[in-house]
Amino acid sequence: MVVTAVIRIRILAAGLGVSLVLTGAGVSSAPAGSANSWPAGINLDNATIPQLEHAMDAGTLSSVDLTNFYLHRIDQLNPLLHAVITVNPDALALARASDAARRSGHVRSPIEGIPVLLKDNIGTGDREPTTAGSLALVNAKSPDAFLVTKLRAAGAVIIGKTNLSEWANFRSTQSTSGWSAVGGVVSNPYALDHNACGSSSGSAAAAAADLATVTVGTETDGSIVCPSATNGDVGLKPSVGVVSRTGIVPISHEQDTAGPITRNVTDAAVLLGVLQGMDPADPATAAAQGHTFSDYTQFLNPAALRGARIGIWRQGNEGLNSDTDAIFSNAVSELSALGATVVDPVVPPGLSDIGGPEFTALLCEFKQDINSYLAALPGSHPADLAGLIAFDNANAAREMPFFGQEIFQMAQATQPGSTACVTARQQATSLAQNSINSLVKADHLDAIVAVTGSPAWETDLVLGDHDIIATSTPAAVAGYPDITVPAGSAFDLPVGISFMGPQWSEPEMLALAYSFEQGTHARRAPRFLTTTPTTDGVNPRPPGSSGTGQVSVPAGGAPVQSVTPGNPASAPYGRRF
């Protein structure tokens, strides 16, 4: 069946029944917050972590105040958004402990008492499960991920876990981003019938909707920057090795990383300083030593774009969506107006050759890494990838009502460590690193800038995702930093631009993104529209484009696209992992 004008989509994990509350198109009853409802009168949508810390030091705000506000807001808005999968029952106790520490003069870090939401593939050894969105892991007993131990030591308040694309979108070739069997489907707070992208869908929607001060997502290829841009957030995918992956449900040790998803660049810099660090259990972090910082705010300079050389990557990203083209062209003009020397255009070499070997390598690495993760994971759960496939087959009505597990099956057929697997990784990484390094060197660039992606598309549980632009792959496969920052919107749907650079260039990328943010102030808070407006104030919504107000919900399972193992032409390059 197809349901129109949807304001509330509630897919219940236990039985996958569908509960819908229907209204006409327009602004939903969900509040965006006001001076009367913000704690201590502080607009939390605009405030930065340093400002909140100052208020707590002054005694006008407390961690309990913040935590209570966010818990209430989650209770109020999550039935619309399905962004939060679990609320931490110990959140208020953590907040009270933080306030007590502050009163005793023991402020442990720049995020003391700050409420944080974590993507539900990041392990927490508390009363919250870590499921990766799958019913197969609801009885697992995950310990704290290494980054969680750092957050706890820093005095952060972990208030819950966010929904995500199940298994970080690495299960099916025709998945719908933001859907999981445990949490249902995440709605975009800018237009509730639109997609939040994935796989860090819940983290991005929660950040945009002020369900926490900051959130943490993960990315293998696009899953921090795409949802961040689609939800009007700042999202930073750091160089692989800056943040430990220990205790995170894996796809690939070669590309996986966690990173901040926030409403402003300042908070991304603050959070990265806490998350980074050496982990003896993650060899990639050893290579990062000497290249990381406990305080990235020291690099934030509103004038950083002045004199910077910025390469503009347009090829393959233009002519697909006129609204996105206009926003990006305006952003390029803004870069120039803010003092950058714009090198326009630049073309990263070898882009079309990266996707095939990347996907082959990811299939191999996923089988190896998920088997190792499950073997070490306490609790009751399938023992390996073969067991996950069997679990899904046995629970198909709940796990596979909309799409299958073709990627799981393709990964199971690989032989990790084989010549084919090793060669694919070497090719993918070499091509991706060269695509950035050669451009930076040849044109003496400080960064490469591209549109992060097109605006959000309507959620479609029959045919899957409909995104048409993605620029995450070079930095993701290379293991290099990529930060997206809001640049504008089309029919109330945010569009972001990405700053990409060489390995360990987080300080430079943060500085440039901050300069752009401070020079443009492009972000707008979400209005929780039921669907997109019929006009942007000048032009009518194009016929057949986003905004028909339809969310496709099939009564049974949908046909699954046929994918041939080992055939790069059939690989799901449109997915965000």
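The values are calculated or read from the model by the stated rules, or taken from the named source; none is laboratory data. What you see is a predicted model; the values in this text were computed from it and never measured. Cβ: placed from backbone, ideal geometry, glycine included. Neighbour counts: every protein chain shown.
Points worth noting:
- Residue 419 being farther than 30 Å from residue 492 by Cβ, of a type in the set (Ser, Thr, Tyr) and in contact with a helix residue (DSSP H, G or I) (Cβ under 9 Å, 6 or more places away or on another chain): no
- Applying the condition of being within 23 Å of residue 465 (Cβ to Cβ) and β-branched (Val, Ile, Thr) to the range 375-421 and asking which residue is surrounded by the fewest Cβ atoms within 10 Å (Cβ to Cβ) yields 389.
- In summary, residue 468 fulfils each of the numbered conditions (1) in contact (Cβ under 8 Å) with a residue 60 or more places away in the chain; (2) surrounded by fewer than 20 Cβ atoms within 10 Å (Cβ to Cβ); (3) more than 18 Å from the chain's Cα centre (by Cα) with the single exception of condition (3).
- Filter result (of a type in the set (Gly, Ala, Ser), over 23 Å from residue 456 (Cα atoms) and either part of a strand (DSSP E or B) or out of contact with any strand residue (DSSP E or B) (no Cβ under 7 Å at 6 or more places or on another chain) (or both)) within the range 318-354: 333, 337, 339, 350, 352
- Residue check for residue 210: of a type in the set (Asp, Glu), part of a loop (DSSP other than H, G, I, E, B), in contact with a Ser or Thr (Cβ under 8 Å, 6 or more places away or on another chain) and in contact (Cβ under 8 Å) with a residue 24 or more places away in the chain: no
- Test: residue in the range 138-154 that is within 21 Å of residue 468 (Cα to Cα), without any contact (Cβ under 8 Å) to a residue 60 or more places away in the chain and in a helix (DSSP H, G or I): no
- The condition of being more than 30 Å from residue 347 (Cα to Cα), free of Cβ contacts under 8 Å to residues at least 40 places away in the same chain and not in a loop (DSSP other than H, G, I, E, B) holds for only one of 397, 390, that being 390.
Here is a yes/no grid of residues against (1) surrounded by 24 or more Cβ atoms within 10 Å (Cβ to Cβ); (2) in contact (Cβ under 8 Å) with a residue 24 or more places away in the chain; (3) out of contact with any Pro (no Cβ under 8 Å at 6 or more places or on another chain):
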position	(1), (2), (3)
489	no, yes, no
494	yes, yes, no
500	yes, yes, no
505	no, yes, no
508	no, yes, yes
511	yes, yes, yes
518	no, yes, no
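- Counted residues, the range 440-459 - those being more than 16 Å from the chain's Cα centre (by Cα) and of a type in the set (S, T, N, Q): 1
- Residue list for the range 267-315, restricted to those being part of a loop (DSSP other than H, G, I, E, B), in contact (Cβ under 8 Å) with a residue 40 or more places away in the chain and within 24 Å of the chain's Cα centre (by Cα): 277, 279, 282, 291, 292, 293, 295, 296, 300, 314
- Taking the range 4-116 as the region of interest, the strands (runs of 3 or more DSSP E) fully inside it that hold 1 or more residues being modelled with pLDDT of 95 or more and of a type in the set (Ser, Thr, Tyr) are 84-87.
- Criterion (touching a residue at least 24 places away in the same chain (Cβ under 8 Å), in contact with an Asp or Glu (Cβ under 9 Å, 6 or more places away or on another chain) and either of a type in the set (Ser, Thr, Tyr) or more than 20 Å from residue 216 (Cα to Cα) (or both)) met by exactly one of 127, 102, 73: 102
- Given (1) closer than 13 Å to residue 455 by Cα; (2) under 10 Å from the mean Cα position of the chain (by Cα); (3) of a type outside the set (Lys, Arg), number of the condition residue 202 does not satisfy: (1)
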